[in-house]
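Let me begin by presenting the structure, written as structure tokens, before commenting on it.
The values are calculated or read from the model by the stated rules, or taken from the named source; none is laboratory data. Everything numeric here is computed off the predicted structure, so don't read it as measured data. Backbone-built Cβ (ideal geometry, glycine too); neighbour counts: all protein chains shown. Each accessible area value is taken on the protein alone, full model and side chains, heavy atoms only, with ligands, DNA and RNA left out. Shrake-Rupley method; radii C 1.70, N 1.55, O 1.52, S 1.80 Å.
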Amino acid sequence: MSKEKYITSSCIIAGQVIYKNGQPVFKCPATEPSEFLVSAYRHFALQYPKFHKMDNLAKLGWLANEVLLDGFDKEKYKPEDVGIVLSNASSSLDTDIKYYETVKSIPSPALFVYTLPNIVIGEISIRHQFKGENAFFIFNEFNAGFIEQYVSDLVNNNILQACICGWVEILGDSYKAALFLVEKDKTADSVIFTEENLNNIYQLHNG
Amino acid sequence: MSDLKSQIVAQLNLQDIKPEDIGDDQPLFVEGLGLDSIDALELIVLLQQQYKIKLSNADEGPKVFRTVRTMAEYITAHQAQNS
């Protein structure tokens, strides 16, 4: 049975700015994505040494998720009830190219493990011990309609009680993350989980 | 051994650790520096790139990569063999 679901939190990373629920929470003039992401990691005083070993796609998604879940009480859900559904346009190409460069001499095991886009889901899951359904899809551009339908199906059928979903894209110097936390219960600042609201939040900070 | 520690920090991208923080006899894996299986592969790459040493017998890995000292001893022994 279909019932309304709510976007209870959002995080956008675009144009050298991080937004939480529409409000800028970090700005940095760094033009290199890796420099920007490390600056943000230090700004938020995050303590997770593994962060430095991640590729840029995983760093981007992991960081966006940390901001997204700031203040989120994950203890109210079982690990199996929280899922992750992400998407992007370039898959893991950003790291595939870097790995290919190492193949010419000695292939890098540390880069090889990031030559799949869904590794970012694994990094988020390990961090928060989420064990729910997950999937990573490739689209030319952010497909809010698909995300809304897919996540709604998972939640409506009680496969998930909460879902982190959205877009995590990086290729070279171009990057954008747009993550949304979807839950069944509304909160003071939540908006209804619809294709239109996903697009509105996504397009608000086009970087 | 200080050069080797710097090489380990660079190869494994251990940005929160200074080379001098790694003890000569501190275990590199699990309860020590906390390295994982991918790090072990990167240490094998380090030996190849920096010292032209190929670890031919995988069973030697746990012994060679136990600490910075055991790595240094393995490198020294290998270099002596080849000189």
*asked:* If residue B:54 satisfies all but one of (1) open to solvent by 50 Å² or more (accessible area, probe 1.4 Å); (2) within 14 Å of chain A (Cβ to nearest Cβ); (3) closer than 21 Å to residue A:47 by Cα, what's the number of the condition it fails?
replied: (3)
*Only one of (1) touching a helix residue (DSSP H, G or I) at 6+ places or on another chain (Cβ under 7 Å); (2) buried (at least 17 other Cβ atoms within 10 Å of the Cβ) fails for residue A:102. Which number is that?*
(2)
*Give the number of residues within region A:56-74 that are of a type in the set (Asp, Glu) and modelled with pLDDT of 95 or more.*
2
*Going through region B:33-47 one residue at a time, which ones are surrounded by 14 or more Cβ atoms within 10 Å (Cβ to Cβ) and either under 12 Å from the mean Cα position of the chain (by Cα) or at pLDDT below 90 (or both)?*
B:33, B:34, B:35, B:39, B:40, B:41, B:42, B:43, B:44, B:45, B:46, B:47
*asked:* So for region A:166-183 (the condition being among the hydroxyl-bearing types (Ser, Thr, Tyr) and not in a helix (DSSP H, G or I)), does at least one residue qualify?
replied: yes
*Name the strands (runs of 3 or more DSSP E) wholly within region A:7-92 that hold at least 2 residues that are over 27 Å from residue A:152 (Cα atoms) and open to solvent by 10 Å² or more (accessible area, probe 1.4 Å)?*
A:23-27
*What number goes with the only condition from (1) open to solvent by less than 30 Å² (accessible area, probe 1.4 Å); (2) away from chain A (no Cβ under 13 Å); (3) small (Gly, Ala, Ser) that residue B:80 does not pass?*
(1)
*asked:* Restricting to region A:119-135, name every residue that is part of a loop (DSSP other than H, G, I, E, B) and among the acidic types (Asp, Glu).
replied: A:133
*Write out, first by first residue and then by second, each pair whose Cβ atoms fall under 7 Å of each other, whose residues are 6+ apart or on separate chains, and whose first residue, in region A:24-38, is in contact (Cβ under 8 Å) with a residue 40 or more places away in the chain and among the β-branched types (Val, Ile, Thr) while the second is surrounded by 14 or more Cβ atoms within 10 Å (Cβ to Cβ) and in a helix (DSSP H, G or I).*
A:25/A:67
*Of the conditions (1) closer than 12 Å to residue A:84 by Cβ; (2) free of Cβ contacts under 8 Å to residues at least 40 places away in the same chain, residue A:163 clears all except one; give me its number.*
(2)
_Single match in A:111, A:116 (criterion: in a loop (DSSP other than H, G, I, E, B), open to solvent by 40 Å² or more (accessible area, probe 1.4 Å), within 30 Å of residue B:45 (Cβ to Cβ) and not charged (D, E, K, R))_ = A:116
*within 13 Å of chain A (Cβ to nearest Cβ), under 26 Å from residue B:81 (Cβ atoms) and either in contact with a strand residue (DSSP E or B) (Cβ under 8 Å, 6 or more places away or on another chain) or among the hydrophobic types (A, V, I, L, M, F, W, C) (or both): does that describe residue B:38?*
no
*Return the residue satisfying two criteria in turn: it lies in region A:136-156 and is in contact (Cβ under 8 Å) with a residue 60 or more places away in the chain and assigned to a helix (DSSP H, G or I), and of such residues it is most open to solvent (accessible area, probe 1.4 Å).*
A:150
*Matching option when the condition is at positive phi and of a type outside the set (Lys, Arg), among B:34, B:61*: B:34
*Given the conditions (1) open to solvent by 70 Å² or more (accessible area, probe 1.4 Å); (2) charged (D, E, K, R); (3) farther than 30 Å from residue A:104 by Cβ, and given that residue B:24 satisfies all but one, which numbered condition is not satisfied?*
(1)
_Among the numbered criteria (1) farther than 21 Å from residue A:134 by Cα; (2) free of Cβ contacts under 8 Å to residues at least 60 places away in the same chain; (3) within 14 Å of chain B (Cβ to nearest Cβ), which one does residue A:50 miss?_
(2)
